[in-house]
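Since the structure comes first, as structure tokens, the remarks are kept for the end.
Each reported figure results from applying straightforward, stated rules to the coordinates on display, with no laboratory input. Model, not experiment: these values are computed from the prediction. When we count neighbours, we look across all protein chains shown, and the Cβ atoms used for this are built from the backbone with ideal geometry, even at glycine.
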Amino acid sequence: MMGFSDADVTAILLTLRLASVVTLLLLMLGTPVAWWLARTHSWLKGPISAVVALPLVLPPTVIGFYLLLAMGPNGAIGQLTQSLGIGTLPFTFWGLVVASLVYSMPFVVQPLQNSFEALGERPLEVAATLRAGPWDRFVTVVVPLSRSGFISAAILGFAHTVGEFGVVLMIGGNIPGATQVISVQLYDHVEALEYGQAHWLSAAMLLFSFVVLVLLYSFNRRYPNPLRHGASSGSVQ
Amino acid sequence: MNEILPVESTLVNQPELELCFESVYHGFSLQVDLRLPGSGVTAIFGHSGSGKTTLLRCVAGLIKAGVGRLIVDGQVWQDEQIFLPTHRRPLGVVFQEASLFDHLTARGNLNYAVKRADRSAPGVDFDQAVELLGLSQLLDRRPAQLSGGERQRVAIARALLVRPRLLLMDEPLASLDHARKQEILPYLERLRDQLGLPILYVSHSASEVARLADHLVVLDKGRVVASGPLTETLARLDLPLQMGDQTGVVLAGTVIERDQQWQLVRVEFAGGSFWLRDMGHAMGDRVRLQVHARDVSLALEQNQQTSVLNILPVIVGEIAADESGGAALIRLHIADTVLLASLTLRSVNHLKLRPGCQVWAQIKSVALIE
């Protein structure tokens with residue numbers, strides 16, 4: 001009986017921390033984006049939707065490559081972080097956070113956008129006639145009525161961040177405790193022919209993903225409409 | 001200030017509504033300029049596509065009319081400079097279909113309004129609204145557990161609880177079946193009679209209008225065809241196009257006599273009286289009567305050999321002939337009251353009807369609508 005090594009445990013904890021931070025930030029950033037996409041009639045809707053959905057179709061290494069350049073000393077993000085005195089982001093935990101935000105964005109935006117669209121105008125109009133201002137309407141009507149969309153977005157964003165590999169490798173490398181997440185750790189085990197360790201991590205990931213999907217689908221059954229779209233948002237639309 | 005105002009403005013001292021909109025919305029053009037009484041029910045009547053809902057949405061601020069002026073009770077809601085967003089307008093809206101928040105119980109829906117109500121404004125409180133709409137048994141249910149009629153009652157109570165200065169109702173009964181309509185109409189009458197709140201009531205149902213309205217606005221293709229007190233406006237000859245089969249007048253009357261043997265009551269109106277089936281009204285009750293033009297026939301002599309109960313001497317007024325349809329609509333005067341009769345042109349010709357003729361009107365049916 002082998003179980004997890006200390007390095008494995010560190011990787012698991014790091015992964016969970018990364019996914020939690022990213023999910024939280026994505027809900028904050030993705031909500032206004034999804035809201036805008038759900039309501040706008042602007043010609044920009046097409047291009048912005050495409051940008052948000054790009055990570056669904058691009059090889060993660062391509063995203064990682066561009067992010068590496070952008071966050072590097074000469075890139076736009078790199079310049080910004082340097083001028084703020086934080087240094088550069090690649091090969092740091094926060095570099096992974098930024099990369100994951102880009103990479104997992106569509107998995108949060110699409111379920112939210114779908115449930116905002118399913119909401120329609122009427123509940124908002126009703127709230128306005130009951131003297132609720134724009135912010136009041138969003139908090140007291142949109143959020144509770146889109147609850148299933150938010151839950152779906154959080155689960156998908158979290159799970160997808162846990163599962164990323166290519167982007168992490170490009171941006172973060174393999175630094176234990178900072179950027180060595182489960183998927184990278186697993187790759188190391190296999191390279192080192194430590195198949196026993198690899199089995200433990202893989203089985204854990206498999207179990208985790210299965211449980212997440214069971215949760216998502218059983219939730220779907222209870223609240224059918226908006227989540228239907230949420231669960232299928234892995235496909236490009 | 002007063003001396004530079006035009007004369008007609010200074011004459012208007014009663015609170016009132018001034019609505020003036022010019023708007024092209026999704027290719028539909030709305031052009032209205034209305035002054036409406038600041039109390040009672042104003043029905044906005046028209047076929048679907050006549051612009052009545054668009055007009056209501058302009059008043060609510062849910063659509064911004066390109067050119068608009070909206071003054072409610074002396075407060076400007078819209079003019080060249082001002083456009084109050086919906087949530088700043090002291091109004092209540094009841095939409096056609098159920099519009100309750102699904103995530104809240106009936107009580108939660110009502111409290112949503114209570115929390116945002118203008119407490120300084122007069123109006124009903126929670127308990128009064130619950131009592132007025134008969135909701136005490138329903139408060140802890142979710143919208144999905146309420147019938148269509150119950151949901152609409154909750155929606156009406158909720159609209160009242162924000163303490164509006166103007167209540168807008170967009171075909172509140174249209175999505176309900178006949179039985180549910182009958183269930184809600186008495187509540188609407190109580191609202192009208194007890195609250196003194198001006199109500200704009202959009203409807204395409206002539207019977208709802210006859211029952212509820214005090215003032216009538218008829219819209220067609222985005223234009224105002226008629227606007228005036230209900231009885232006067234219904235007695236006009238130029239509206240049958242809009243009213244169709246429902247063309248007729250509404251009279252206000254008082255129950256003055258009961259015939260126990262035949263179970264009839266006599267209702268007196270300005271200029272005469274009708275015998276009607278006894279519906280259990282008390283002596284002295286004020287009621288509304290509806291007389292459809294299609295139920296009025298004319299005779300030159302008083303025919304005693306007839307089953308028709310109500311035969312009244314009338315004087316023929318204006319005659320509007322519809323040559324293509326072979327029909328005519330005739331105004332009949334009984335003192336100050338006007339009835340409408342719908343006859344064929346052949347009958348008009350046969351009886352040699354002219355304005356001023358004295359004839360007998362046989363009224364086959366009179367509906368007591370309240």
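Restrict the search to the stretch B:210-318; then list the trypsin sites (Lys or Arg not before Pro) that DSSP places in a loop and that have at most 16 other Cβ atoms within 10 Å of their Cβ.
B:Lys221
In this label model, B:Ser120 and A:Glu191 are separated by 7.2 nm, measuring between points 7 Å along each Cα→Cβ vector. Here B:Lys64 is the anchor, and the lysines within straight C-alpha reach of less than 20 Å, apart from those fewer than 8 places off in the same chain, are B:Lys52, B:Lys221.
Determine, for A:His189, B:His87, the number of other Cβ atoms within 10 Å of each Cβ, and report the residues in order from fewest to most. Present the calculation step by step, with values, prior to reporting the outcome.
Working: A:His189 21, B:His87 17.
In order of increasing Cβ crowding within 10 Å: B:His87, A:His189.
B:Asp238 to B:Val24: FRET efficiency via 1/(1 + (r/R0)^6), r the Cβ-Cβ distance, R0 41 Å, to the nearest 0.05?
Numbers: r = 26 Å, r/R0 = 0.64.
Working from the Cβ atoms, E equals 0.95.
Each pair of Cα atoms in the protein assembly as shown enters the Kirkwood radius, and Stokes-Einstein at 25 °C and 0.890 mPa s then converts it into a translational diffusion coefficient of 83 µm²/s. The simple Förster model, with R0 at 22 Å and r as the Cβ-Cβ distance, assigns A:Ala76 and A:Val51 a FRET efficiency of 0.90. The mean sequence distance of close C-alpha pairs (under 8 Å, at least 6 residues apart), as a share of the length of the stretch B:200-358, puts its relative contact order at 18 percent.
Report, to the nearest 10°, how far helix B:178-195 tilts away from the longest principal axis of the Cα atoms in chain B, using its own Cα long axis and a range of 0 to 90°. So the inclination is approximately 80 degrees.
Seen against the Cα atoms of chain A and their longest principal axis, helix A:45-57 is set at about 30 degrees.
Between the listed residues B:Gln304, B:Gly280, B:Leu234, the Cα displaced farthest toward the positive end of the dipole of the protein assembly as shown, a dipole computed from Cβ unit charges relative to the Cα centre, is found at B:Gly280. Rg then Dmax, both in Å and based on the Cα atoms of the stretch A:1-56: 18.1, 60. For the stretch B:217-224, putting each phi into the Karplus relation 6.51 cos²θ - 1.76 cosθ + 1.60 with θ = phi - 60° gives couplings of 10, 9, 10, 8, 6, x, 10, 7 Hz, in residue order, rounded to whole numbers and with x for Gly and Pro.
Let me have the relative contact order for chain A, percent, based on Cα pairs under 8 Å that are six or more residues apart.
32 percent
Separation of the stretch A:105-164 from the stretch B:267-343 is 59 Å, based on Cα centroids.
Each 10 Å bin from zero up to the one holding the largest Cα-Cα distance in the stretch B:248-368 carries the following percent of pairs: 13, 44, 30, 11, 2.
Let me have the 222 nm mean residue ellipticity of chain A computed from DSSP H runs of 4+ only, each contributing -39500 (n - 2.57), with the sum over all residues rounded to the nearest 500. Numbers along the way, then the final one.
Working: 12 runs with 174 residues, N = 237.
Taking each H run of at least 4 residues, the total per residue is -24000 deg cm²/dmol.
Is the C-alpha gyration tensor of the stretch B:323-370 telling us rounded, prolate or oblate? Criteria: a/c under 1.5 is rounded; beyond that, a/b larger than b/c is prolate, otherwise oblate. Here the stretch B:323-370 falls in the oblate category.
As a footprinting exposure proxy, order A:Phe210, A:Phe158, B:Phe45 by other Cβ within 10 Å, with the fewest listed first. Could the numbers behind the result be given before it?
Working: A:Phe210 10, A:Phe158 22, B:Phe45 28.
So the ranking, lowest neighbour count to highest, is A:Phe210, A:Phe158, B:Phe45.
The distance between label points at A:Leu44 and A:Leu84 comes to 2.2 nm (points 7 Å beyond Cα on the Cα→Cβ vector). Normalised by the number of residues in chain B, the average gap of Cα pairs under 8 Å and 6 or more apart makes the relative contact order 15 percent.
Couplings 3J(HN,Hα) of the stretch A:128-141, computed from phi: 5, 6, 9, 6, 8, x, x, 5, 4, 4, 5, 6, 9, 10 Hz, in residue order, whole Hz [Karplus 6.51 cos²θ - 1.76 cosθ + 1.60, θ = phi - 60°; x for Gly and Pro]. Per residue, the Cα convex hull of chain B amounts to 176 Å³. Taking a quarter of the surface of the Cα convex hull of the stretch B:13-85 gives a mean projected area of 5.0 nm². What does the charge dipole of the stretch B:248-368 about its Cα centre add up to, to the nearest 20 debye, if the Cβ of each Lys and Arg holds +1 and the Cβ of each Asp and Glu holds -1? Dipole of the stretch B:248-368, to the nearest 20 debye: 140 debye. Just so you know, the Cα atoms of the stretch B:138-213 work out to an Rg and Dmax of 12.4, 36 Å. Backbone amide hydrogens, once placed in the peptide plane, bring B:Ser227 within less than 5 Å of B:Val218, excluding anything fewer than 5 places away on its chain. Note on the stretch B:15-234: Cα Rg divided by 2.2 N^0.38 Å, N the number of residues, gives 0.98. Exposure proxy shown here: for B:His103, B:His350, A:His41, the number of other Cβ atoms within 10 Å sets the order, fewest to most, as A:His41, B:His350, B:His103.
When only the Cβ of Lys, Arg, Asp and Glu is charged (+1, +1, -1, -1), the dipole of the protein assembly as shown relative to its Cα centre reaches about 320 debye. Give me the angle, in degrees from 0 to 90, between the Cα long axis of helix B:106-116 and the longest principal axis of the Cα atoms of chain B, rounded to the nearest 10. Once rounded, one gets 70 degrees.
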